[in-house]
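The values are calculated or read from the model by the stated rules, or taken from the named source; none is laboratory data. The structure displayed is predicted, hence computed values, not measured ones. Cβ atoms come from the backbone with ideal geometry, glycine included; neighbour counts cover every protein chain shown. Protein only, heavy atoms only, side chains kept; ligands, DNA and RNA dropped before computing areas. Shrake-Rupley method; radii C 1.70, N 1.55, O 1.52, S 1.80 Å.
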Amino acid sequence: KIKIVTIGGGSSYTPELIEGLILRQAQLPIAELWLVDIEDGAEKMEIVGSMAERMIAAAKLDWQVHLSLDRKEALKDADYVTTQFRVGLLDARLKDEVIPLANGLLGQETNGPGGIFKAFRTIPVILDIIEDMRQLCPHAWLVDFTNPAGMVTEAAIKYGKWEKTVGLCNVPFGHITQASSVLGVEEKDLYFKFAGLNHFHWHRVWDQQGNERTAELIDKIYSPDQQEKSDEGLKNIHQIPFNYDQVKHLGLLPCGYHRYYYLQEPMLAHAIEEFEQYETRAEVVKKTEARLFELYKDVNLNYKPEELSQRGGAHYSDAACDLIASIQNNSGKLMVVSTRNNGALADLPFDCVVEVTAAITSHGAEPLRWGALPPAARGMIQLMKAMEETVIEAAVSGDYGAALHAFTINPLIPAGDTAIKVLDQLLYAHKDYLPKF
Ligand code: NAD
Ligand code: G6P
Ligand code: MN
């Protein structure tokens, strides 16, 4: 029997997770499910926790559900710890978006200055959680969904020395579904190989007969007459089509987040327009969240409402629950996860974290070897990885020079006075959550 603990239990995504666990009840011998939050999220956790209890009761399962504001009490003897917390909640995300945008830079949850600051706020907390885990549940797996998931996972493994950490993202699911629908071939009959970093990966696709279908997908998704298919269903990313010749040149399928880099100017222009004339994503999400919690309050609601699909993280449960079930049952299932490179991507350090297709067994993720990337991708990914490493270093040390270096390396931040101004404004705006700086 297993004990699962979810940190950030008050998240509106919790019904996703519960639905996923219920669907996999045959593979998951769950005894206890603990939701943990902090005072600021207590009310949300009460509401969504009651909803979770109703879902579990409706499925006639005898899982014990506990809601707690005491992380240590919750972590005791846990087998799996999943994280879905947001330090500073959506108000902090709003600052990550608005401050860069007001200075003409991209303001986004996981990219550019905002993504760097989300890492600065989150990494100290994940390292604290790991210190508690060392005392209370030394054999537990840490399944990280908290963004920026790649950097948080790397901090947990490299600095927290928690080898049993796996990071997750739902973006690969969107691309798998897209490829299946564009080719008219069921997902189970396609074979995918992803490699890169979280929110910065490419993929290739084969069919049952072993024929590679990547080039066909590039044509069917990105050629100028096909671009209505270029929407991979990510609700939070403005879907400007990629340049067909550029994708063809690389010969790999990009992920939705590559738009911020390959289409930096139009994506920035769109973000600034939204910000000046309308609202940023954090404000949209605040409204969606408020509607969701109104629904969750309904004592008759005992299933995940459709409205949750308006959040960018839809299908998160497929990733989290498949991962737990695969570790628990030593299944060897291929999944896309953030894990230690170990040579899978020849162009990156062995000890860094990458997001790759990996076989999931009882001892964790074994990444499939990808090999070398073409120079056009290699140059960008090496820069991005060095940026991530520098962000983590700054988050751990609180070193201002390291923070400025992270900004300088980041391709979405031009070096100079504006970078320094945005860095200083964000440091001030988030000072309550940045004890190291
Ligand atoms: P949210 O704003 O609802 O926050 C979730 C909960 O975390 C809140 O109830 C909050 O009180 C709690 N929290 C904050 N600090 C905490 C702490 N120190 N300890 C415990 N709990 C704490 O966030 P959300 O929109 O539900 O997203 C949750 C997280 O999941 C975010 O980090 C988000 O970026 C991430 N996410 C990741 C993916 C992915 O692909 N990996 C997809 C969607 C969301
Ligand atoms: C995508 C990403 C997540 C991100 C989310 C944002 O699904 O994979 O990492 O957190 O979108 O969605 P939101 O609804 O919060 O804007
Ligand atoms: Mn993600």
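Going by what's in this entry, would Tyr257 be described as in contact with a His (Cβ under 6 Å, 6 or more places away or on another chain) and either aromatic (Phe, Trp, Tyr) or exposed (fewer than 14 other Cβ atoms within 10 Å of the Cβ) (or both)?
Working: in contact with a His (Cβ under 6 Å, 6 or more places away or on another chain): yes; either aromatic (Phe, Trp, Tyr) or exposed (fewer than 14 other Cβ atoms within 10 Å of the Cβ) (or both): yes.
The answer is yes for Tyr257.
Count, please, the residues in region 50-64 that happen to be surrounded by fewer than 23 Cβ atoms within 10 Å (Cβ to Cβ) and within 16 Å of ligand 1 (Cβ to nearest atom).
1
Can Ala377 be described as in contact with a Leu (Cβ under 7 Å, 6 or more places away or on another chain) and not in a loop (DSSP other than H, G, I, E, B)? Quick ask: steps written out before the conclusion?
Details: in contact with a Leu (Cβ under 7 Å, 6 or more places away or on another chain): yes; not in a loop (DSSP other than H, G, I, E, B): yes.
Here the answer is yes, as Ala377 does meet what is asked.
Do we find that Val396 is more than 23 Å from the chain's Cα centre (by Cα) and in contact (Cβ under 8 Å) with a residue 60 or more places away in the chain in this structure? Walk me through how you get there before you give the answer.
On the way: more than 23 Å from the chain's Cα centre (by Cα): no; in contact (Cβ under 8 Å) with a residue 60 or more places away in the chain: yes.
Judged against the criteria, Val396 is not a match.
What residue, of Ile4, Ile47, Ile38, is away from ligand 2 (no atom under 16 Å from the Cβ), aliphatic (A, V, I, L, M) and closer than 16 Å to Ser317 by Cα?
On the way: Ile47 fails: closer than 16 Å to Ser317 by Cα; Ile38 fails: closer than 16 Å to Ser317 by Cα.
Ile4 is the lone residue from the list that is away from ligand 2 (no atom under 16 Å from the Cβ), aliphatic (A, V, I, L, M) and closer than 16 Å to Ser317 by Cα.
How many residues, within region 282-309, are assigned to a helix (DSSP H, G or I), more than 16 Å from ligand 3 (Cβ to nearest atom), of a type outside the set (Val, Ile, Thr) and open to solvent by 10 Å² or more (accessible area, probe 1.4 Å)?
11
For Ile420, indicate whether it is in contact (Cβ under 8 Å) with a residue 12 or more places away in the chain, assigned to a helix (DSSP H, G or I) and open to solvent by less than 40 Å² (accessible area, probe 1.4 Å).
Working: in contact (Cβ under 8 Å) with a residue 12 or more places away in the chain: yes; assigned to a helix (DSSP H, G or I): yes; open to solvent by less than 40 Å² (accessible area, probe 1.4 Å): no.
No.
Can you pull out every residue in region 317-333 that is without any contact (Cβ under 8 Å) to a residue 40 or more places away in the chain and either open to solvent by less than 10 Å² (accessible area, probe 1.4 Å) or over 21 Å from Ile4 (Cβ atoms) (or both)?
Of everything in region 317-333, those that are without any contact (Cβ under 8 Å) to a residue 40 or more places away in the chain and either open to solvent by less than 10 Å² (accessible area, probe 1.4 Å) or over 21 Å from Ile4 (Cβ atoms) (or both) turn out to be Ser326, Gly332.
So if I check each of Gln382, Gln425, which one is touching a residue at least 24 places away in the same chain (Cβ under 8 Å) and under 30 Å from Thr177 (Cα atoms)? Walk me through how you get there before you give the answer.
Numbers: Gln425 fails: under 30 Å from Thr177 (Cα atoms).
It is Gln382.
Looking only at region 213-232, decide whether some residue is assigned to a loop (DSSP other than H, G, I, E, B), over 25 Å from the mean Cα position of the chain (by Cα), among the charged types (D, E, K, R) and farther than 22 Å from Ile381 by Cβ. Break it down stepwise before answering.
As a first pass, look at region 213-232 and keep what is assigned to a loop (DSSP other than H, G, I, E, B): 213, 223, 231-232.
Narrowing further to those that are over 25 Å from the mean Cα position of the chain (by Cα): 213, 223.
Okay, now just the ones that are also among the charged types (D, E, K, R), so 213.
This time we only want the ones that are farther than 22 Å from Ile381 by Cβ, so: 213.
Checked region 213-232: at least one residue is assigned to a loop (DSSP other than H, G, I, E, B), over 25 Å from the mean Cα position of the chain (by Cα), among the charged types (D, E, K, R) and farther than 22 Å from Ile381 by Cβ.
Which members of region 149-185 meet the condition of being over 25 Å from Leu308 (Cα atoms) and not hydrophobic (A, V, I, L, M, F, W, C)?
Correct list: Thr153, Glu154, Lys158, Tyr159, Gly160, Lys161, Glu163, Lys164, Thr165, Gly184.
What number goes with the only condition from (1) within 22 Å of the chain's Cα centre (by Cα); (2) under 23 Å from Ile126 (Cβ atoms); (3) within 16 Å of ligand 1 (Cβ to nearest atom); (4) of a type outside the set (S, T, N, Q) that Ala42 does not pass?
Condition (1) is where Ala42 drops out.
Looking only at residues in region 178-193 that are touching an Asp or Glu at 6+ places or on another chain (Cβ under 7 Å) and not aliphatic (A, V, I, L, M), which one is farthest from ligand 1 (Cβ to nearest atom)?
Out of the qualifying residues, it is Asp189.
Could you go through region 263-281 and let me know if any residue there is of a type in the set (D, E, K, R), within 16 Å of ligand 1 (Cβ to nearest atom) and in a helix (DSSP H, G or I).
Looking through region 263-281, at least one residue is of a type in the set (D, E, K, R), within 16 Å of ligand 1 (Cβ to nearest atom) and in a helix (DSSP H, G or I).
Just the residues that are outside any helix (DSSP H, G or I) and open to solvent by less than 60 Å² (accessible area, probe 1.4 Å), please, taken from region 389-417. Lay out the reasoning, then the answer.
Our first condition is that a residue be outside any helix (DSSP H, G or I); within region 389-417, this holds for 398-399, 410-416.
Within region 389-417, Gly398, Asn410, Pro411, Leu412, Ile413, Gly416 meet the criteria.
Across region 289-308, what is the total count of residues that are closer than 24 Å to Gln108 by Cβ and touching a residue at least 24 places away in the same chain (Cβ under 8 Å)?
Keep residues of region 289-308 that are closer than 24 Å to Gln108 by Cβ, which gives 289-292, 307-308.
Those still in the list that are touching a residue at least 24 places away in the same chain (Cβ under 8 Å) too: 289, 292, 308.
Residues in region 289-308 being closer than 24 Å to Gln108 by Cβ and touching a residue at least 24 places away in the same chain (Cβ under 8 Å): 3 in total.
Do we have any residue at all in region 377-388 that's open to solvent by less than 10 Å² (accessible area, probe 1.4 Å), within 16 Å of ligand 2 (Cβ to nearest atom), within 30 Å of Ile4 (Cβ to Cβ) and under 18 Å from the mean Cα position of the chain (by Cα)?
No, that holds for no residue.
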